[in-house]
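Every read-out reported here was derived from the displayed coordinates using simple, explicitly stated rules and does not represent laboratory data. This one's a predicted model, so the numbers in the text were calculated from it and none came from an experiment. Note: ideal-geometry Cβ built from the backbone for every residue, glycine included; neighbour counts use all protein chains shown.
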Amino acid sequence: MFAVVYSVFNFLTGLQNAAILEPYSVYGAGRYRNYSAAYRWLIWRSNAWLGFVLTTLLLLISRLLSWTAPNLRLRSLVGLALSSAIMLTASLLRRMLYVERKVRCAAKMSFVFFLTVLILFGVATRAGALDGLSVFLIFALGSIAGGMVVIQEVPREVSLETFVALQPDHWSQHWIYARWVLATAFVCQLMTQAYYWLAAGLLSLKDVAELRSLVMLAVPVDQVFTAITQLVLPVMAAHYASNRISELLSLWKTYSLVFLAISAAFVLGIRMVGRPLMHWIYGGKFDDVSSLLGTLALLPLLMGVGNTMNATLKAVEKPNMTFYAYVASGTATLVAGVPLMIHFGLRGAVYGMLLSAGVYTATLAIGFLSQIPRLRSLRMAPCRDEAAVG
């Protein structure tokens, strides 16, 4: 039940990222950077309403299930209902710190969260109180502790009258961007989670566990990429909004080279020590599939440059290109991934994931290259903010 409820939380964070975090990262650092205080308060207030609605809805669902299915253990769902708004608010605050380029504050907030969660997990485990409810409450307390150390960075209420008067179409612009990211949040499941679902249906739960054990060893490098992207995306958006196209493209080149270097080093490291590392981490439980680890390690290498183009296209307010890339990748999963799994089993799943990643990057490359002429034409144009004022 905890695993199911936690997957619901992951889904909710994906929706929040699509509806609030990513549009804020692009517009907060880009077209609305001159109205920073008002835009931050507007987004903060909207997120608070989202948290209230989610908390109310989840509590109603837990109450309804307690009546209709009294045998279900619903403590995890209650924990999610009580903590989801707090955790989503912490995610927004951290993203605001990235956009404001207060990276040290964001790191301090994350460190305090981590330390608090670590201590409370230890206390709950020793007390025998670790369950679905306490885990979510611990996450919420960690979020509160992290937020308290940067409490001075929390947006303050300001008048929105001037901002609304100057930007009367801000919500329509927000939706134009968010709708593509929201659609992408659903479609990208075909590229990521679908292989677990297919393995469960076409192979066995044992194969699901083995596939997950392989993928988990690639998570650390994915986290590095995610962290770098959250730092780079607001800078790219600011360059685009100011028509600093040369700086934008130069940053993308550096960004890509960094990802290539990290990915290549990761592949080399996995090929050298991956199998003994996998044996040590899992206690020998998955040694029979460890030979596939070196192949799967190519996944971040295939996706790395694609992810840099993904972020760049979002920064230039073309999230639809990212959506098309995930559609193409999802189509590759269904058209090629399924036959590969049927014929080659778990090895076919690994090949399918690499194929889907390759299609994703290739589609993004096509979309990115199609935008180069438009971006170059903007070099001689006046800054969009100055044009708007004029």
Mean Cβ-within-10 Å packing, highest first, puts peptides 177-183, 114-120 in the order 177-183, 114-120
Connecting every pair of Cα atoms under 10 Å apart in the chain and solving the GNM, the largest mean-square fluctuation among PRO319, PRO300, PRO220 falls on PRO220
For the chain, whose charge dipole is built from +1 on Lys and Arg Cβ atoms and -1 on Asp and Glu Cβ atoms, the candidate among LEU72, THR226, LEU133 with its Cα farthest towards the positive end is THR226
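Could you please rank ARG95, ARG45, placing first whichever residue has the fewest other Cβ atoms within 10 Å of its Cβ? Numbers along the way, then the final one.
Working: ARG95 23, ARG45 13.
Listed from fewest to most nearby Cβ atoms, that is ARG45, ARG95.
Once you charge only the Cβ atoms, +1 for Lys and Arg and -1 for Asp and Glu, what is the size of the charge dipole of the chain about its Cα centre, to the nearest 20 debye?
Values: 30 positive and 16 negative charges, 71 e Å.
For this selection, approximately 340 debye.
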For LYS206, counting only aspartates and glutamates whose alpha-carbon sits under 15 Å away and dropping same-chain residues fewer than eight positions off, the answer is ASP287, ASP288
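How much length is gained on full extension from PHE121 to ARG63, taking 0.36 nm per residue of separation minus their Cα-Cα distance?
Working: separation 58, 0.36 × 58 = 20.88 nm, distance 2.72 nm.
Difference between extended and current length: 18.2 nm.
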Within the set GLY28, GLY284, GLY146, GNM on the chain using Cα springs under 10 Å gives the largest fluctuation to GLY284
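Could you calculate the contour length gain from ILE176 to ASN71, that is, 0.36 nm times the residue separation minus the distance between their Cα atoms, to one decimal place in nm?
Working: separation 105, 0.36 × 105 = 37.80 nm, distance 4.41 nm.
That works out to 33.4 nm of additional length.
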Shape call for the range 172-231, from the Cα gyration tensor axes a ≥ b ≥ c (a/c under 1.5 means rounded, otherwise prolate when a/b beats b/c, else oblate), comes out oblate
With the charge dipole of the range 169-390 built from beta-carbon charges (+1 for Lys and Arg, -1 for Asp and Glu) about the Cα centre, the Cα from GLY358, LEU378, PRO339 projecting farthest to the positive end belongs to LEU378
FRET efficiency for SER377 and LEU260 from the Cβ-Cβ distance with R0 = 30 Å, rounded to 0.05, comes out at 0.60
Fewest-first ordering of HIS343, HIS174 by Cβ atoms within 10 Å yields HIS343, HIS174
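Taking the Cα centre of the range 134-232 as origin, work out the dipole magnitude from +1 charges on Lys and Arg Cβ and -1 charges on Asp and Glu Cβ, in debye rounded to 20.
Working: 4 positive and 7 negative charges, 51 e Å.
My answer is approximately 240 debye.
Taking the highest mean first, how do the peptides 33-40, 159-166 order by number of other beta carbon atoms within 10 angstrom per residue?
Values: 33-40: 18.2, 159-166: 12.8.
Going by the mean number of other Cβ atoms within 10 Å, highest first, we get 33-40, 159-166.
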Filtered hits (lysines, Cα-Cα < 30 Å from LYS314, offset >= 8 within chain) -> LYS102, LYS108, LYS253
With Cα springs under 10 Å, the Gaussian network model of the chain assigns the largest mean-square fluctuation among VAL221, VAL53, VAL338 to VAL53
